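Student: Here you go, one structure.
The values are calculated or read from the model by the stated rules, or taken from the named source; none is laboratory data. Quick caveat: nothing in here was measured; it's all calculated off a predicted structure. We place every Cβ from the backbone using ideal geometry, glycine too, and count neighbours over all the protein chains shown. Ligands, DNA and RNA are stripped out before the accessible areas are found, and what is left, the full protein with its side chains, is counted by its heavy atoms. Shrake-Rupley method; radii C 1.70, N 1.55, O 1.52, S 1.80 Å.
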Amino acid sequence: MEFVQPLLEWYDRNKRELPWRGEKDPYRIWVSEIMLQQTRVEAVKDYYGRWMSRFPSLPDLAAAPEEEVLRYWQGLGYYSRARNLWQGVREVAASYGGKVPDSEAAVRALPGIGEYTAGAILSIAYDRPVPAVDGNVVRVYSRLFCLAGESETALKRKIAALVAGHLPQERPGDYNQALMDLGATLCIPGKPRCDECPVRDFCRSFARGTQQEFPPKKKKSTVKTVELVAAVIERHGAFLLQRRPAQGLLAGMWEFPTVEIETGGDAAAVESAVGTRTGQQVRLGPKLMDLVHIFSHRRWEIAVHHSTMTVPGDLPPEPETRWVNRKEFPQLVFAGPHRKIAKTVAAQELPDGAVRGKL
DNA sequence: AACTCGGGGAT
DNA sequence: ATCCCAGAGTT
């Protein structure tokens, strides 16, 4: 295709300088691609740097405990990515002698590696001509060819087939990355900067002035609001923390005891619910803060209350519950907004012997 | 095909 | 507010 060469030349002159760019170690490419899933380049840079200073090679990650791996991922989101990456790396260490396989089937079979990531790893690290169609590439190609597609999956499939036919055998990784850089810097959502585009002359939507119509808008999902009360329960300088369920949202991460409430639920009902959850008799104290935390498809509104135990009881086996000193906070992986609560209460250093929570 | 899964930056 | 980001896995 005639636009391949102009695009590669544009890439050679204008590619972004990124920490993982020029990297050939498949493990390092792998890590970057997983971090970049649904995550902006700017957000990834720092995490990638910290990660590589701690887990510079595949065996380093394979040998690390899961808890520590999650600590290095804390705040990035989509935590199953970290677990899958860790599991995948261990699988490579165990079954492939520590060398990331270079066949599409084998790479695709690793946990957390889907069609896009397989293409990215194979083309960038192994120079294999496999398309890597991410959101950028969908946007670029749908505009180049005025492609709408019957569904998102059909559109993506169609584009992957086109890219496969265009990939230059000499530098497939650069072509994939050139498409992504173009989509990230010029062929952006909203108002693309077509005046600077190296392939404008080949773009059908530019010719028709219909760039805005591509790619087709995806239907918006509804965001459900959930009201919660979190209880900060302190005793002898330690705080009561609980682990979230192993499956689902923020799986396995630590949080202050939290209950979902009906709108306008009264204090007694909340105290009862917290008591059931923690095995303690609890009285809600003064409000520490209100937090709003927004996920893609959920909105948490959390009232955080200092709370006191009226009658200390045994800790429940489920969910896992622990008294944690604030000095141990850095060792834990906190669930989303609870990081902020932890940071706040940990900062409230008291002199020895001082008592907190008196009304 | 539709949902779930995080967090944040741009508009 | 809305969009969407170098998506994958499950239902």
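Student: Please indicate, with yes or no, whether at least one residue in region A:18-29 is of a type in the set (Phe, Trp, Tyr) and away from DNA strand B (no atom under 15 Å from the Cβ).
Tutor: Narrowing region A:18-29 to residues of a type in the set (Phe, Trp, Tyr): A:20, A:27.
Going one step further and asking which of them are away from DNA strand B (no atom under 15 Å from the Cβ), we end up with A:20, A:27.
Looking through region A:18-29, at least one residue is of a type in the set (Phe, Trp, Tyr) and away from DNA strand B (no atom under 15 Å from the Cβ).
Student: How many residues are touching a residue at least 12 places away in the same chain (Cβ under 8 Å) and not hydrophobic (A, V, I, L, M, F, W, C) if we restrict to region A:46-65? Working first, answer last.
Tutor: Quick first cut of region A:46-65, residues touching a residue at least 12 places away in the same chain (Cβ under 8 Å) only: A:47-52, A:54-55, A:57-59, A:61-62, A:64.
In the following step, the residues that additionally are not hydrophobic (A, V, I, L, M, F, W, C) were identified as A:47-50, A:54, A:57, A:59.
Looking only at that region, the number is 7.
Student: When you go through A:Ser151, A:Ser123 one by one, which is the residue that is buried (at least 19 other Cβ atoms within 10 Å of the Cβ) and among the hydroxyl-bearing types (Ser, Thr, Tyr)?
Tutor: Working: A:Ser151 fails: buried (at least 19 other Cβ atoms within 10 Å of the Cβ).
Of A:Ser151, A:Ser123, the one residue that is buried (at least 19 other Cβ atoms within 10 Å of the Cβ) and among the hydroxyl-bearing types (Ser, Thr, Tyr) is A:Ser123.
Student: Go through A:Ser53, A:Ser32 for me and flag whichever is among the hydroxyl-bearing types (Ser, Thr, Tyr), modelled with pLDDT of 95 or more and over 27 Å from A:Leu182 (Cβ atoms).
Tutor: After applying the criteria, what remains is A:Ser53.
Student: Examine region A:251-272 for a residue that is within 21 Å of A:Ala342 (Cβ to Cβ), within 16 Å of DNA strand C (Cβ to nearest atom) and either aliphatic (A, V, I, L, M) or open to solvent by 40 Å² or more (accessible area, probe 1.4 Å) (or both), and state whether such a residue exists.
Tutor: Yes; the residues of region A:251-272 include at least one that is within 21 Å of A:Ala342 (Cβ to Cβ), within 16 Å of DNA strand C (Cβ to nearest atom) and either aliphatic (A, V, I, L, M) or open to solvent by 40 Å² or more (accessible area, probe 1.4 Å) (or both).
Student: Every residue in region A:107-120 that is in contact (Cβ under 8 Å) with a residue 12 or more places away in the chain and open to solvent by 20 Å² or more (accessible area, probe 1.4 Å), please.
Tutor: Scanning region A:107-120 gives A:Pro111, A:Gly112, A:Glu115, A:Tyr116.
Student: Let me ask another. Say whether the condition of being buried (at least 20 other Cβ atoms within 10 Å of the Cβ), modelled with pLDDT of 95 or more and away from DNA strand C (no atom under 16 Å from the Cβ) is met by at least one residue in region A:214-221.
Tutor: Checked against the condition, which is being buried (at least 20 other Cβ atoms within 10 Å of the Cβ), modelled with pLDDT of 95 or more and away from DNA strand C (no atom under 16 Å from the Cβ), region A:214-221 yields no hits at all.
Student: Looking at region A:222-233, which of the residues that are in a strand (DSSP E or B) and open to solvent by 50 Å² or more (accessible area, probe 1.4 Å) is nearest to DNA strand B (Cβ to nearest atom)? Write out each step before concluding.
Tutor: Of the residues in region A:222-233, the ones in a strand (DSSP E or B) are A:224-233.
Narrowing the set further to residues that are open to solvent by 50 Å² or more (accessible area, probe 1.4 Å) leaves A:224-225, A:227.
Numbers: A:Lys224: 8, A:Thr225: 14, A:Glu227: 17 Å.
Taking the candidates together, the pick is A:Lys224.
Student: Within region A:71-92, restricting attention to residues that are open to solvent by less than 40 Å² (accessible area, probe 1.4 Å) and farther than 17 Å from A:Val333 by Cβ, which residue is nearest to DNA strand B (Cβ to nearest atom)?
Tutor: The extreme case among them is A:Gly88.
Student: State the number of residues belonging to region A:186-213 that are open to solvent by less than 40 Å² (accessible area, probe 1.4 Å) and without any contact (Cβ under 8 Å) to a residue 24 or more places away in the chain. Please lay out each step first, then the result.
Tutor: So in region A:186-213, the residues open to solvent by less than 40 Å² (accessible area, probe 1.4 Å) come out as A:186-187, A:192, A:194, A:197-199, A:203, A:205, A:210-211.
Now narrow it down to the ones that are without any contact (Cβ under 8 Å) to a residue 24 or more places away in the chain: A:186, A:194, A:197.
Of the residues in that region, 3 qualify.
Student: Among the numbered criteria (1) closer than 27 Å to A:Asp181 by Cβ; (2) more than 14 Å from DNA strand C (Cβ to nearest atom); (3) open to solvent by 30 Å² or more (accessible area, probe 1.4 Å), which one does A:Lys99 miss?
Tutor: (1)
Student: Shifting gears a bit: Among the residues of region A:107-160, write down those that are part of a loop (DSSP other than H, G, I, E, B) and of a type in the set (S, T, N, Q). Write out each step before concluding.
Tutor: If we filter region A:107-160 for residues that are part of a loop (DSSP other than H, G, I, E, B), which is where we start, we get A:109-114, A:127-134, A:145-151.
If the condition is that a residue be part of a loop (DSSP other than H, G, I, E, B) and of a type in the set (S, T, N, Q), then A:Ser151 is the only one that fits.
Student: Right, another one. Kindly indicate the residue of region A:38-70 that is open to solvent by less than 20 Å² (accessible area, probe 1.4 Å) and not aliphatic (A, V, I, L, M) and also nearest to DNA strand C (Cβ to nearest atom) among those meeting that condition.
Tutor: A:Tyr48
Student: Here are the criteria: (1) farther than 26 Å from A:Asp181 by Cα; (2) acidic (Asp, Glu); (3) more than 26 Å from the chain's Cα centre (by Cα). Tell me which single one A:Glu227 does not satisfy.
Tutor: The number of the failed condition is (3).
Student: Yes or no: region A:172-185 includes at least one residue that is open to solvent by less than 60 Å² (accessible area, probe 1.4 Å) and part of a loop (DSSP other than H, G, I, E, B). Talk me through it step by step, then tell me what you get.
Tutor: Step one: filter region A:172-185 for residues open to solvent by less than 60 Å² (accessible area, probe 1.4 Å), giving A:172-185.
Okay, now just the ones that are also part of a loop (DSSP other than H, G, I, E, B), so none.
No.
Student: Give me the strands (runs of 3 or more DSSP E) completely within region A:276-337, filtered to those with at least 2 residues that are open to solvent by 30 Å² or more (accessible area, probe 1.4 Å) and within 16 Å of DNA strand C (Cβ to nearest atom), ordered by residue number. I'd like the intermediate steps shown before the answer.
Tutor: Working: elements: A:281-294, A:298-311, A:321-325.
Hits in region A:276-337: A:281-294, A:298-311.
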